[in-house]
1. Could you check, for region B:218-225, whether at least one of its residues is closer than 30 Å to B:Thr318 by Cα and surrounded by fewer than 20 Cβ atoms within 10 Å (Cβ to Cβ)?
2. Which residue is surrounded by the most Cβ atoms within 10 Å (Cβ to Cβ), if the candidates are limited to region B:198-215 and must be within 7 Å of chain A (Cβ to nearest Cβ) and closer than 30 Å to A:Asn543 by Cα?
3. For region A:495-526, how many residues are part of a helix (DSSP H, G or I) and buried (at least 20 other Cβ atoms within 10 Å of the Cβ)?
4. Check A:Pro403 against each of (1) within 18 Å of the chain's Cα centre (by Cα); (2) away from chain B (no Cβ under 14 Å) and name the one condition it does not meet.
5. If you scan region A:513-557, which residues turn out to be of a type in the set (S, T, N, Q) and either more than 10 Å from every other protein chain (Cβ to nearest Cβ) or without any contact (Cβ under 8 Å) to a residue 40 or more places away in the chain (or both)?
6. So is B:Pro148 surrounded by 23 or more Cβ atoms within 10 Å (Cβ to Cβ) and either more than 7 Å from chain A (Cβ to nearest Cβ) or under 28 Å from A:Ala538 (Cα atoms) (or both) or not?
Amino acid sequence: MGRFFLAGSGLACALCLGLAFAWSAQAQSRPAKKDQTAATPEPGKDWRALRDGLDSVFEELQALNGLKPSPTCDDETFLRRVYLDLLGVPPSPAEVAAFAPGRKDAKGRRGQEKREALVEDLLRRPEYARNFAEYWRVQTIGRDKGREINDHLEQYFQRAFAENRPWDRVVRELVTAAGKTPENPEVAYLVSFENERADIAGTTMRVFLGKQIQCAQCHDHPYEEWKTDDFVGLQGFFALSASGAKGDGADRYWFVNDNPMPANGHELSARLRLPGRHKLPKYLGGDLYKFDRDKTLRQSLAHWMTDAENRWFREMTVNRMMAYFLGLGFVNPVDDFNSVNEPSVPVVLEVMGKDFAAAGFDLHYLVKAITTSKLYQRTAQPTRYNRKDRVYYSRFFVRKQSPEQLYRSVLKVSGIEELNPYQPVRDVPDDKLSEHEKANKLIRDRVMGYKNSLAMYFRGAYGSDEPEKAFDDYSGSIMQALLLMNFPLLGDGNLKTSLSEILARTRDGKTRVELIYQTVLGRNPTQREWAILRGVMASWPDNDTAYEDLFLALMNTTEFATVG
Amino acid sequence: MEISVSRRDFLRTGAAAGGLMMTSSFVAPLLGQETAAKSKIKSVILLFMEGGPSQLETFDCKPGKKTAAPYKVIETEVPGFAPCEHLPNIAKTAKDLLLIKSMSSREGNHSRASYLLRTGYIPNPTLKHPSLGSIVAHQMGKADTDLPNFVKLRGAPFSAGYLGVDHNPFVINRPGAKIENLDYARGVDKERMDRRMKLVKEMEKDFAKDHGDEAVEAHKAMYEKARRLMDSPLRNKFYLDDEKPETRKEYGEGQFADACIIARRLVEVGVPAIEIVVGGWDTHDDGFKRCADLCKQIDQPWAALVRDLKRRGLYDSTLVIWMGEFGRTPQVTPTEGRGHWPNNFCAVLGGGGVKTAQVIGETDEAGLGRDTGGKSTIKDPVSPMDLYATFAAMMNWDTKKEFEAGARPVWLVDKASKPVEKIYK
């Protein structure tokens, strides 16, 4: 607590005024006991309480700063937003219909209740696990480590997110991973660093604890207390492990091995021969490593990192999830906690961190609290009062989709994968295949061809190493625009697509336009859009190309490429 | 004075190319030319040899040594500039080149060393530095152009990092072949694309109103640039169809030759940054044969590029750089290959601002780079950081400017580096 400063007079005032903040007491004291007043919920037990606390604090902060928040978004906006954020794809027309925008759903729910139910439902979908697996793979090892390493790590993450494995356990499993692929796909994290201990240590601290120590590789850190020796001491935790690859082709596998722990601390220090003052590995920030023969060095590090008492771990995770969903963290860039980059509202981050830890690092708990909050449900429309807000979430910040999201969006919207199912193809020469099998193989080759070239162009257009965008950086490269304008997003006419289905389903122009809108943007055209369409399309040829042009035009809008 | 020469030259070349359309967008900056301050360098061509080209099989051979390749060397008019026998054309252009034999770093891992040689910085996962081409595009590029300011011929799309996607490379994977996604899709023509984009424009108004206009503006700018490129008469600069057969013959055959011609064509119309990537230099096995083949692959086109640029009066305003991420071990493996060796390796510079016809640095007889006591025996070592500081000095980059990468300051070149003054005029 001593290290926290009250950033911004707004919050200081808010606290002076004695905010109605359900768990303000919690920030100062031990977790509440059960026999306390009913008004103070037990931390980590009720995500709605966490959410309501978050909402009420920011409502006060917005008011104190004269920021009139934008209104709550409509059902269609919320649906698309939460689909893209949780599943990585926009909703299909059927999914839009099932949500019944603006009306009661099949179970008679509407408004907040309906939205909460949607979030709970999406968190159980396999696409949620896939989307977060992709996100965390990019966050941890980036985009350029090769397909096999990517696949192994995503496979690990996917299983973990599908069962909502507690986040502390996930991080421990990554940091302590040992064994080989495919049995232990989590080794892919360490393997990806090719035994560069500086990178392993630097990335592990940055990604999971928000601490950037890599500058200390070459010189003492400019803002922090870290010295080069601290960095070297931290790398020591990885000194007894080695990773690599064996075998060729289909037999190739990747492994991480640990050398046995020496008998005592003296032998360990003799073994590691760490330069500088520190003969033993060293945790960041001064906690002492005590020799423990029953744990590998990486296990010791992982336990220190993910301990509920380690504020960096819980607050980094909260901060990252806030930034992921709201476009802006308490600390920005999300992974750069340091003494000259204090959180915008430290006490809220602290309380949320403690609550998340008390909930057993349950990611669903945190995600539900954030995505059903009022903050997440604001429209992006700036009011004259909140246009300049970059701190208090008084409106939703429009975000560029990540290359992974956009690739998945294109794939889903085109319908090519979904509408052209195929059976596995026997691995025999073509003349041994039946006519039916040949036709099946042709479909497979066409679908795979489409997917592969789309993926390849996305990789080329975005660059494997493109850094994470600041929330207000929407710029893109020429290659990205060329891809969306000129790549045949709807295939070469030989496969079924969402569009060909729509055109086959109805001849009614109005219905066609509505279905195209629902497919591409997850909503119906507005009154104004109808007016524009009537004006613009009047001069278009009166045939199916007009609908194709509309479909592709919508795929080239800012709306399609963003989460808004 | 230099300016008027290159302008005249440009106009002549343009006319020779046969009624090239003189849109104001690319002539104006050439006539104006008040930017880019005092440097006379207008374009940079980086020839990047991926995999770690062996210094011992290219420019720092140790003939007669037990571990040397079974190659002869070619003595040239420049003392110390004695390339291997598989670089005969480059040997003839020796006086137009500067050889650094003493490039030296500590990075022996491909990805780390490539990062270092491409950016002038040691990799740091907290920060993404721009590569040379992106820096040049940022410092010397024009906002108002048809063609991208950084064209990369082959290789991965290394992002511009903190400089922003505007300075990302435009990557051409197969130089000379049809460029992916640059043409209208089948069944689409300009009129039809105009129709679509007109609708997009109309739709965007609503979105801008409801979501703030920043995203829409950025989106629009990106599409405008892309369409301008698609419809530009200058896009024929990416192709070789109107290149004279004599020229094609002079450069020789193969993707590298084609890429070199395209590079020259781009320089002619003022594209500031071009990178050509040649892979295959990671010669752990069968190195003598493979290096000979690689040398043959680059020798004729590279020498032709130098001659061609000179003939067209562009060599003085074009910096041509040949380098890779590290060199190779003096020891030969049982499979006639060599391992990674960042200790000493070669780089070759030529063109604008370079004091050519000289050799910088020297390695000892064995090429080990250090004596038995581990002391360096490399004369005048040049670190990659210093090489970048040298580029900065040659091109007057704004090295004082502080950029923000995340929450921390960063500069175009490492603050601790120093330009090597012997290299440039």
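1. There is at least one residue in region B:218-225 that is closer than 30 Å to B:Thr318 by Cα and surrounded by fewer than 20 Cβ atoms within 10 Å (Cβ to Cβ).
2. By that ranking, first place goes to B:Met203.
3. Count: 12.
4. The one condition A:Pro403 does not meet is (2).
5. The answer is A:Gln518, A:Thr519, A:Asn524, A:Thr526, A:Gln527, A:Ser539, A:Asn543, A:Thr545, A:Thr557.
6. So B:Pro148 does not fit the description; no.
Matching residues to (1) of a type in the set (Lys, Arg); (2) loosely packed, with under 14 Cβ neighbours inside 10 Å; (3) at positive phi; (4) not assigned by TED's automatic domain parsing to the domain that holds A:Leu326:
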{"site": "A:Val410", "(1), (2), (3), (4)": "no, no, no, yes"}
{"site": "A:Leu419", "(1), (2), (3), (4)": "no, no, no, yes"}
{"site": "A:Val428", "(1), (2), (3), (4)": "no, yes, no, yes"}
{"site": "A:Asp431", "(1), (2), (3), (4)": "no, yes, no, yes"}
{"site": "A:His436", "(1), (2), (3), (4)": "no, yes, no, yes"}
{"site": "A:Ala439", "(1), (2), (3), (4)": "no, yes, no, yes"}
{"site": "A:Arg444", "(1), (2), (3), (4)": "yes, no, no, yes"}
{"site": "A:Met448", "(1), (2), (3), (4)": "no, yes, no, yes"}
{"site": "A:Lys451", "(1), (2), (3), (4)": "yes, no, no, yes"}
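Residues are listed down the side, and each one gets a yes or a no for (1) closer than 13 Å to A:Phe78 by Cβ; (2) surrounded by 17 or more Cβ atoms within 10 Å (Cβ to Cβ); (3) of a type in the set (A, V, I, L, M, F, W, C):
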| site | (1), (2), (3) |
| --- | --- |
| A:Pro101 | yes, yes, no |
| A:Asp121 | no, no, no |
| A:Arg130 | no, yes, no |
| A:Glu134 | no, yes, no |
| A:Arg159 | no, no, no |
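The values are calculated or read from the model by the stated rules, or taken from the named source; none is laboratory data. Owing to the predicted nature of the structure, the values given are computational and were not obtained by experimental measurement. Glycine gets a Cβ as well: all are built from the backbone with ideal geometry, and neighbour counts include every protein chain shown.
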